[in-house]
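Worksheet: the structure to be examined is printed underneath.
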Amino acid sequence: MTMACKICGNSENNTAYQAKEMMLGYRDVHDYFQCGDCECLQLENVPENLPDYYPEDYYSYSEVGFPTGIKRWLLAQRDYYAATGKGFLGKLLFLKNPEAKIATLQLTGIEPHSRILDVGCGAGHLLHSLKEAGFCKVQGADPFNEADIDYENGLKVIKQTIHEVSGSWDLIMFHHSFEHVVDQLDTLRSVAQRLRPDGCCLIRVPTVSSWAWQHYRLDWVQLDAPRHLFLHSIKSMAYLAQQAGLQVDNIVYDSFALQFWGSEQYQQDIALHDDRSYAVNPDSSLFSAEQIAEFEQRSQTLNQEHQGDQVCFYLSKQTP
């Protein structure tokens, strides 16, 4: 039986794949297919035991560290510059020690008074940095947290879905959480309802509109079966946004070296959490420092060519 695409409904010329779980090294097989129309790669059926694939030490749920003294102040200057492009000292600090994730916010036009919601934020690492940098109206939402989190600097991360969050927001963002969302269209419709008229929705996700998917296929590290339920193409994200009453205003590729070393490891049957992995023991991995540097340079080239394996979508409400 041919599966219908969960994004556009197409059931013609879809391509089936069987992908192994390789982050934790379980190596069990999961059925995916890529839509022959919108090109979205998607998991056929979500496992009933999906939470088992998110260990307690999953990266987004690790505790937030608290720098003190002058380091805390300097990081705040850097992060304010990263988010806004403003501040001479922050610029110098950013050039010395960049913060790429926060830098993706510059195109959203946020200011210190902007209302910012981060969906699927885990422990709230990014929001904590923004709060420290002077953004006073920030909030996190993650239904998979054990409970609400209240930080001493005033940041609150609530145990809720986007459908349960109240209020209106200047920026709603999903930093590598949207690919884990089951109800893709309903989620974006809830975003559209909560965005202010001139607000922005930032979605950062892996993309099949990339060299890495074309080259590595089932060994592509960001396929990440079965945690990644949807791996969008540029076309499928534009279609989904349109159905939700949103539009894609800008697209920025922001891939990095993981697409190479992670996928090359998978080709050698080395799981991401394996002791031989660069993520675990970089000094004893397959790769030299020179190779990793080359991977980083190649990633920047792919980003410039719009072929990197992850992308930032900047969405707004549709104009009449």
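The values are calculated or read from the model by the stated rules, or taken from the named source; none is laboratory data. Bear in mind that the values here come from a model prediction, so they are computed numbers and not experimental data. Note that we place each Cβ from the backbone using ideal geometry, even for glycine, and neighbour counts take in every protein chain shown.
Looking at segment 92-110, I want the residues that are of a type outside the set (Ser, Thr, Tyr) and have a partner that is assigned to a helix (DSSP H, G or I) and surrounded by fewer than 17 Cβ atoms within 10 Å (Cβ to Cβ) with Cβ atoms under 7 Å, at least 6 apart or on another chain. Which pairs are those?
Once the first residue is of a type outside the set (Ser, Thr, Tyr) and sits in segment 92-110, its partners that are assigned to a helix (DSSP H, G or I) and surrounded by fewer than 17 Cβ atoms within 10 Å (Cβ to Cβ) give Leu93/Leu74.
Which of the residues spanning segment 68-102 are among the hydrophobic types (A, V, I, L, M, F, W, C), under 28 Å from Asp198 (Cβ atoms) and crowded, with 18+ Cβ neighbours inside 10 Å?
Narrowing segment 68-102 to residues among the hydrophobic types (A, V, I, L, M, F, W, C): 70, 73-76, 82-83, 88-89, 92-95, 100, 102.
From what is left, the residues that are under 28 Å from Asp198 (Cβ atoms) are 76, 82-83, 94, 100, 102.
Result: Ala76, Ala82, Ala83, Phe94, Ile102.
From the list Ala225, Ala271, pick out the single residue that is surrounded by 19 or more Cβ atoms within 10 Å (Cβ to Cβ), in contact (Cβ under 8 Å) with a residue 24 or more places away in the chain and within 20 Å of the chain's Cα centre (by Cα). Don't jump to the end; show me each part of the working.
Working: Ala271 fails: within 20 Å of the chain's Cα centre (by Cα).
The match here is Ala225.
From the list Ser299, Ser284, Ser288, which one is over 30 Å from Trp169 (Cα atoms) and either in contact with a Pro (Cβ under 7 Å, 6 or more places away or on another chain) or buried (at least 19 other Cβ atoms within 10 Å of the Cβ) (or both)?
On the way: Ser284 fails: either in contact with a Pro (Cβ under 7 Å, 6 or more places away or on another chain) or buried (at least 19 other Cβ atoms within 10 Å of the Cβ) (or both); Ser288 fails: either in contact with a Pro (Cβ under 7 Å, 6 or more places away or on another chain) or buried (at least 19 other Cβ atoms within 10 Å of the Cβ) (or both).
Exactly one residue qualifies, and that residue is Ser299.
Can you tell me how many residues within segment 64-86 are of a type in the set (S, T, N, Q) and either in contact (Cβ under 8 Å) with a residue 12 or more places away in the chain or touching a strand residue (DSSP E or B) at 6+ places or on another chain (Cβ under 8 Å) (or both)? Write out each step before concluding.
Here is the first cut: in segment 64-86, the residues of a type in the set (S, T, N, Q) are 68, 77, 84.
Cutting the leftovers down to either in contact (Cβ under 8 Å) with a residue 12 or more places away in the chain or touching a strand residue (DSSP E or B) at 6+ places or on another chain (Cβ under 8 Å) (or both) gives us 77, 84.
Matching residues across segment 64-86 total 2.
Just checking, which of Ser255, Ser236, Ser263 is buried (at least 21 other Cβ atoms within 10 Å of the Cβ), assigned to a loop (DSSP other than H, G, I, E, B) and of a type outside the set (A, V, I, L, M)?
Details: Ser236 fails: assigned to a loop (DSSP other than H, G, I, E, B); Ser263 fails: assigned to a loop (DSSP other than H, G, I, E, B).
Answer to the check: Ser255.
Name the residue that is surrounded by the fewest Cβ atoms within 10 Å (Cβ to Cβ), counting only residues in segment 142-174 that are among the hydroxyl-bearing types (Ser, Thr, Tyr) and touching a Gly at 6+ places or on another chain (Cβ under 8 Å).
Per the stated criteria, the residue is Ser168.
Could you give every pair whose Cβ atoms fall below 7 Å, whose first residue belongs to segment 126-149 and is within 15 Å of Ile162 (Cβ to Cβ), and whose second residue is basic (Lys, Arg) and assigned to a strand (DSSP E or B), counting only separations of at least 6 or pairs across chains?
Taking only residues 6 or more apart or on different chains, the pairs are Gln139/Lys156.
Among the candidates Ile110, Ile116, single out the residue that is assigned to a loop (DSSP other than H, G, I, E, B), modelled with pLDDT of 95 or more and either of a type in the set (Val, Ile, Thr) or touching a helix residue (DSSP H, G or I) at 6+ places or on another chain (Cβ under 6 Å) (or both).
Values: Ile116 fails: assigned to a loop (DSSP other than H, G, I, E, B).
Just a single option satisfies the conditions, and that option is Ile110.
Looking at this structure, is Leu75 touching a Pro at 6+ places or on another chain (Cβ under 7 Å) and either closer than 14 Å to Leu202 by Cβ or of a type in the set (A, V, I, L, M) (or both)?
Judged against the criteria, Leu75 is a match.
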